[in-house]
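Undergrad: The structure that follows is given in the form of structure tokens.
The values are calculated or read from the model by the stated rules, or taken from the named source; none is laboratory data. Everything quoted here is computed from the prediction, not taken from an experiment. Cβ placement follows ideal geometry from the backbone for every residue including glycine, while neighbour counts extend to all protein chains displayed.
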Amino acid sequence: MNRTLLEEVSCETYQKLDLPNRIDEIESSTQGKATHHYPRHDKVIRPHVASPVKTHLEIHEWEVLPHPPYSPDIAPSDFLLFRLVTHGLSQQHFHSYEEAKNWVNSWIASKDEAFFRRGIHMLHERWEEVVPSDGQYLE
């Protein structure tokens, strides 16, 4: 059976865990026994960060915020756009992919620039509220 490590870990956590050496220890202590294989990913700690994106962010001297673990307080489905699209879709019934696509396109086109600006500002405000709470439940 072939399994992969799905959890993304920060560089610091990764170094603390010393996974490459621990995997080697486990492999050597279990030789000849049935084990699961966990492909090593020590060369690619953050594969989701493309080099051109990193370069662009560095050029503009933008601060890169760490990718937070999933939190129901900042679930992607709670962001302004998704909540309102979900509400708008509640009474819709589509008979084809094209109908659904056209509805979404016209819904987005009906929103002005201020709508999207407000949504972006709300992300920042929510981040500022959630991060200092250190995992405490938010209403």
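Undergrad: Taking region 42-99, which residues are assigned to a helix (DSSP H, G or I), small (Gly, Ala, Ser) and either over 22 Å from Trp127 (Cβ atoms) or modelled with pLDDT of 85 or more (or both)?
TA: Result: Ser51, Gly88.
Undergrad: Which of the residues spanning region 100-115 are of a type in the set (D, E, K, R) and either assigned to a helix (DSSP H, G or I) or modelled with pLDDT under 85 (or both)?
TA: Listed by number, the residues that qualify are Lys101, Glu113.
Undergrad: Is there any pair linking a residue in region 84-98 that is of a type outside the set (Phe, Trp, Tyr) to one that is assigned to a helix (DSSP H, G or I), with Cβ under 6 Å and at least six apart or on different chains, and which?
TA: Close Cβ pairs satisfying both conditions: Gly88/Trp107.
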